[in-house]
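Each remark here refers to the structure printed beneath this line.
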Amino acid sequence: MSELAKYVRVVIDQETCISCGACIEVCPFDALEFDDNMKARLIWEKCQDDFSCIASCPVDCIYKTEEAPDEYKAKEGWYRIEKELTPEEQKAFEEWRNKYNVTADPVS
Ligand code: SF4
Ligand code: SF4
């Protein structure tokens, strides 16, 4: 496994998200944002696993990827990749998807 693939990252159930912005405010790595529907969305390559977003969410709709239900990991829209990934990052991304059975593609 590559060094970058150690990160678990998070999954967001956007249907439950109430657009409060708490997770975006608390994330120390600017890894969360609002999408066009004012739902929280992860910027995949920025997340570094401190998990403060999970504790901040008033409706408990953010999960460690390793604990997220498969149905949420299959939904489109909850994460995107902001920058062009290096080959190492691309490898880590694929390892992460395979390891945690993330079947949704990132928002392009
Ligand atoms: S786990 Fe930490 S770094 Fe990742 S999105 Fe949540 S608050 Fe940000
Ligand atoms: S803290 Fe929870 S409800 Fe609030 S914006 Fe983030 S995901 Fe949505």
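The values are calculated or read from the model by the stated rules, or taken from the named source; none is laboratory data. No experiment lies behind these values; they were computed from the predicted model shown. Note that we place each Cβ from the backbone using ideal geometry, even for glycine, and neighbour counts take in every protein chain shown. Ligands, DNA and RNA are stripped out before the accessible areas are found, and what is left, the full protein with its side chains, is counted by its heavy atoms. Shrake-Rupley method; radii C 1.70, N 1.55, O 1.52, S 1.80 Å.
With charges only on Cβ, +1 for K and R and -1 for D and E, what is the dipole size of the chain about its Cα centre, in debye, rounded to 20?
I would put it at about 80 debye.
Tell me the label-point distance for the pair Lys75, Asn98, using the 7 Å Cα-to-Cβ offset, in nm and rounded to one decimal.
For the pair Lys75/Asn98, the computed spacing is 2.8 nm.
Which far-off residues, 5 or more places away or on another chain, put their amide H under 5 Å from the one on Ile18, with H placed in the peptide plane?
Under 5 Å from the amide H of Ile18 lies no amide H from a residue far enough along the sequence or on another chain.
Mind listing the lone cysteines of the chain, meaning no other Cys beta-carbon sits under 4.7 Å from theirs?
Cys17, Cys20, Cys27, Cys47, Cys57, Cys61
How far is helix 87-100 tilted, in degrees, relative to the longest principal axis of the Cα atoms in the chain, given as a value from 0 to 90 rounded to the nearest 10?
Helix 87-100 sits at roughly 60 degrees to that axis.
Please list, in chain and number order, the residues 5+ apart from Tyr79 or on another chain whose amide H is under 5 Å from its amide H, with Hs placed from the backbone.
Result for Tyr79 returns Leu42, Val107.
Please report the accessible area of Thr103 (heavy atoms, 1.4 Å probe, ligands and nucleic acids excluded) in Å², nearest 10.
Answer for Thr103: close to 80 Å² accessible.
What share of Cα pairs, in percent, lie more than 16 angstrom apart in the stretch 13-59? Walk me through the numbers before you get to the answer.
Working: 300 of 1081 pairs.
That tail contains 28 percent of the Cα-Cα pairs.
How large are Rg and Dmax for the chain when calculated on the C-alpha trace, in angstrom?
12.7, 37
Any idea of the accessible area per residue across the chain, 1.4 Å probe, to the nearest Å²?
Computed with neighbouring chains in place, this is 54 Å² per residue.
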